[in-house]
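Structure first, then comments.
The values are calculated or read from the model by the stated rules, or taken from the named source; none is laboratory data. From a predicted model like this one, the values you see are computed outputs, not experimental measurements. Cβ placement follows ideal geometry from the backbone for every residue including glycine, while neighbour counts extend to all protein chains displayed. Each accessible area value is taken on the protein alone, full model and side chains, heavy atoms only, with ligands, DNA and RNA left out. Shrake-Rupley method; radii C 1.70, N 1.55, O 1.52, S 1.80 Å.
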Amino acid sequence: MAKPILSPAAKREIAEIARVHLYIETLETRGHDSMDFHALAVWNVLAALEAAYLAGMVDHYRKRE
């Protein structure tokens, strides 16, 4: 099964969710454990997942119009 390709707008939204809810500056691999691995509170993970789910719903309904 082919992997869906995310649009540039979707990638920007994911990066924004990571910054706002997970306090992660970039999702680019930087090659250092201290920069690439993060300890996260479950409530931050929950908030990020909820934001991503809602963004997906908004995107889905936009495409239907």
**OP:** Please find, in a Gaussian network model of the chain (springs between Cα atoms separated by less than 10 Å), the residue of GLU13, GLU28, GLU50 whose mean-square fluctuation is greatest.
**Re:** GLU28
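Can you sort SER34, SER7 by 1.4 Å-probe accessible area, starting with the largest?
The residues order as SER34, SER7, largest area first.
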Original post:
Hey, what do the phi angles of region 12-20 turn into as Karplus ³J(HN,Hα) couplings, whole Hz, using 6.51/-1.76/1.60 and θ = phi - 60°, x for Gly and Pro?
Top reply: 5, 5, 4, 4, 5, 4, 4, 5, 6
Original post:
So what is the 222 nm mean residue ellipticity for the chain from helices alone, if each DSSP H run of at least 4 adds -39500 (n - 2.57) and you divide by all residues, rounding to the nearest 500 deg cm²/dmol?
Top reply: -21000 deg cm²/dmol
Original post:
Which of these values of Cα extents along the principal axes in Å was calculated from the structure shown: (1) 43, 27, 22; (2) 46, 21, 12; (3) 37, 24, 16?
Top reply: (1)
**OP:** Please go through the chain and write out the chymotrypsin sites (Phe, Trp or Tyr not before Pro) that DSSP classes as loop and that have at most 16 other C-beta atoms within 10 Å.
**Re:** TYR23, PHE37
Original post:
In degrees from 0 to 90, rounded to the nearest 10, what is the angle of the helix 42-64 Cα long axis to the longest principal axis of the chain?
Top reply: 20 degrees
Subject >> Label point distance in nm, ALA9-ALA47, each placed 7 Å from Cα along Cα→Cβ >> reply: 2.6 nm
